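Let me begin by presenting the structure, written as structure tokens, before commenting on it.
Nothing in this text is a laboratory measurement; each read-out follows from the coordinates by a stated rule. Model, not experiment: these values are computed from the prediction. Note: ideal-geometry Cβ built from the backbone for every residue, glycine included; neighbour counts use all protein chains shown.
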Amino acid sequence: MTPHGGEKEERMASVGGTVRVFTRQATGLTKEIGTLDTFVYNVNNQNIGIGVAFILLFVPGFYVAADGGRADMFQSMVIAAILALPMAAVYALFAAAIPRSGGDYVYISRTLHPLLGFVASWNWVAWMTVYIGVPAAYFAKYGLSGMFRSIGVALGSADLVAFANNFVDPVWILAVGTILIAFFAVIFALGTRIYFRLQNVVFAIGMFGVVLAIALAFLGNSADFAANFDAYVGGAGGAAGASGNAIEVGAASFEQTLFSSTLPQFIVLFAITSSFLGGEVRRARVSQMLGMPGGVLFVTVWMILLVAAVQNLVGLPLLGGISGGYFSPGDTFGLSFVPSYNELVAAAYPGNVIVALLLGFTFVFWTYVWLPINFLASTRALLAWSIDGLMPAKVSEVNEQRHTPTVAIIIVAVLGWISLFMYTIGIGGFKIDTLYGIFGWILSFILCAIAAIVFPYRHRAVFESSPVNWRVGGIPLMSIVGAVATVALLVVEYIWWADPINGLAGTPAIFESLGIWPPIMIALTAGVFVTGALWYLGARAIQAQRGVRIERAFAEIPPE
């Protein structure tokens, strides 16, 4: 670890008696991100397509109590939205009050303590880089596989179905994911504006697919679906009578519903990533409010509509059977992988190649979208650390022509590829299992919510001059929202700890069936915070030996 050093690399100035220590007085980034860009960025990071796919693949078959009580998917989505909205408002208020790159690294380090801010941000980047590699894998695993299989079944082509099965092979997933990560690294190196143009186009394609799936599911013949599903599975080379795996459906259980909210929470909790791009967003107050809390509401409504449409077509008993066969598709259905909702809707229109193509093709554009979003946000976090002296100065260098941090892009691309490898191939039998990292990730959110309570009092002048200096009964609205968000996030944290399926303290049988040793995931979660603290303390010690007190940088708001 060699944070930037030497007097030549420091830009030190005394203004109003306060010493500033930054690598430079401007990031070199430009305000290229508009309101629509911000909204789409956050909606994509929630991910309607993958969100609904995961809810349908895991909730109906796994969130079932011993007495038959089941989770209510609609209540689950509403609970998730209620818990996520206060936090989204906190990040939107901060992004408007301090529109700087780096997200809650800036908010927490300037309000609570530099160490807490850096560790929270380190935690963010650790998991964001994981979610560069994982969606790179999803592109093949859930996207290309289902698209080619549904087209193959519609065409009656066994060869195309066999080709589709390749995309769930770890080596194929690694190869396709590597190409995808390299593609986005090049896009980001060429310019942020290029990415946002691409993002908005593919978002339109993805939303068209969601609307199409809803319409076709509601218009499809639910009475004939079991027979059509049997024909689809048979056409894919699967077992006969696949619809016979339908389960009995019991009454709704609040406990199962609450725990199952981890799946929609996994979606709507992440409507806040545009905060990392704060210094590049135009009209921050409007853009961030629309993009964060507005994004949560937008995504929740569309998820409810899509789940309702698919449940109406397929029926909850069969959805439960399909979900329950997720980890044993060969034994249950004679298939290499269970179908996602796009395949289920296509199955209702047997032999219709156009329907299969449109549903499969548009769904592909939901599978990978976390990749570029987390990629871009991670580079901005590294840039912010570097400006404060916690990373080498080279990391914050920005290409003067393209306004992109080239070194940071390379670092993030490498980290993303490592996560892809650990998700697909692994080392010594150990692979990354993604959902078990959410518990640790939420700790950063809690710190930010606490910072929101304190910020209007700790930085009164900045708050009063901000466009969000609103008060309710004389109390800053930001503090009120921060307090509500803190309580909501503590509830969220409990759910992510206790949920027997996705919680960090999950049922041992679940861990064993997935080949995961629980203490490893717990140690990994704790290790992220420990390594972050060690990096900060090491960087501070190195800079102190050079005569630089990096604490002085945290006394000011960083440059735009």
If 125, 530, 353 are placed from fewest to most neighbouring beta carbons inside 10 Å, the sequence is 530, 353, 125
For a footprinting-style exposure proxy, rank 287, 444, 260 by other Cβ within 10 Å, fewest first. 444, 287, 260
Starting with the fewest neighbours, write out 161, 454, 168 ranked by other beta-carbon atoms found within 10 Å of each beta-carbon. 454, 168, 161
Check residue 252: other-chain or 5+ apart residues with amide H under 5 Å from its amide H, H built from backbone geometry? 70
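Computed FRET efficiency, Cβ-Cβ of residue 552 and residue 65, R0 60 Å: what is it to the nearest 0.05? Let's see the in-between values first.
On the way: r = 56 Å, r/R0 = 0.94.
Using R0 = 60 Å, I get an efficiency of 0.60.
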State, as an integer percentage, the relative contact order of the stretch 7-555 based on alpha-carbon contacts under 8 Å between residues 6 or more apart. 31 percent
For the stretch 441-453, Karplus couplings with θ = phi - 60° (6.51, -1.76, 1.60), whole Hz, Gly/Pro x: 4, 5, 4, 5, 4, 4, 4, 5, 5, 5, 4, 5, 5
Report the gain in length on full extension from residue 498 to residue 239: 0.36 nm times residue separation, minus Cα-Cα distance, nm rounded to one decimal. 89.6 nm
Considering only C-alpha atoms, what is the centroid distance from the stretch 148-226 to the stretch 281-322, in Å? 19 Å
Once both axes come from the Cα atoms, what is the angle between helix 192-219 and the longest principal axis of the chain, in degrees from 0 to 90, rounded to 10? 30 degrees
Relative to the longest principal Cα axis of the chain, at what angle does helix 114-138 sit, 0 to 90 degrees, rounded to 10? 30 degrees
³J(HN,Hα) computed for each position of the stretch 275-291 - Karplus, 6.51 cos²θ - 1.76 cosθ + 1.60, integer Hz, glycine/proline x: 4, 5, 9, x, x, 9, 8, 7, 6, 4, 4, 5, 4, 6, 5, 5, x
Could you list the chymotrypsin sites (Phe, Trp or Tyr not before Pro) in the stretch 170-208 that lie in coil according to DSSP, counting only those with at most 15 other Cβ atoms within 10 Å of their Cβ? none
What FRET efficiency comes out for the pair residue 219/residue 402, r = Cβ-Cβ distance, R0 = 51 Å, nearest 0.05? 0.60
Could you tell me how many degrees, from 0 to 90 and to the nearest 10, lie between the Cα long axis of helix 48-62 and the main elongation axis, the longest principal axis, of the Cα atoms of the chain? 60 degrees
Using label points projected 7 Å from each Cα along Cα→Cβ, tell me how many nm separate residue 475 and residue 282, to one decimal. 3.8 nm
Extension reserve of the residue 194-residue 465 stretch, reckoned as 0.36 nm per residue once the Cα distance is removed: 94.2 nm
The chain, helix-only ellipticity at 222 nm - DSSP H runs n ≥ 4, -39,500 (n - 2.57), divided by all residues, nearest 500: -21000 deg cm²/dmol
Would you mind checking the stretch 317-332 for residues with the amide N under 20 Å from a putative spin-label position 7 Å along Cα→C-beta of residue 248? 317-325
Estimated FRET transfer efficiency (residue 211, residue 394; beta-carbon r; R0 60 Å; 0.05): 0.85
Convert each backbone phi in the stretch 524-530 into a coupling constant with the Karplus relation 6.51 cos²θ - 1.76 cosθ + 1.60 (shift: θ = phi - 60°), then list the ³J(HN,Hα) values in order as whole Hz, x for Gly and Pro. 5, 4, 5, x, 4, 5, 5
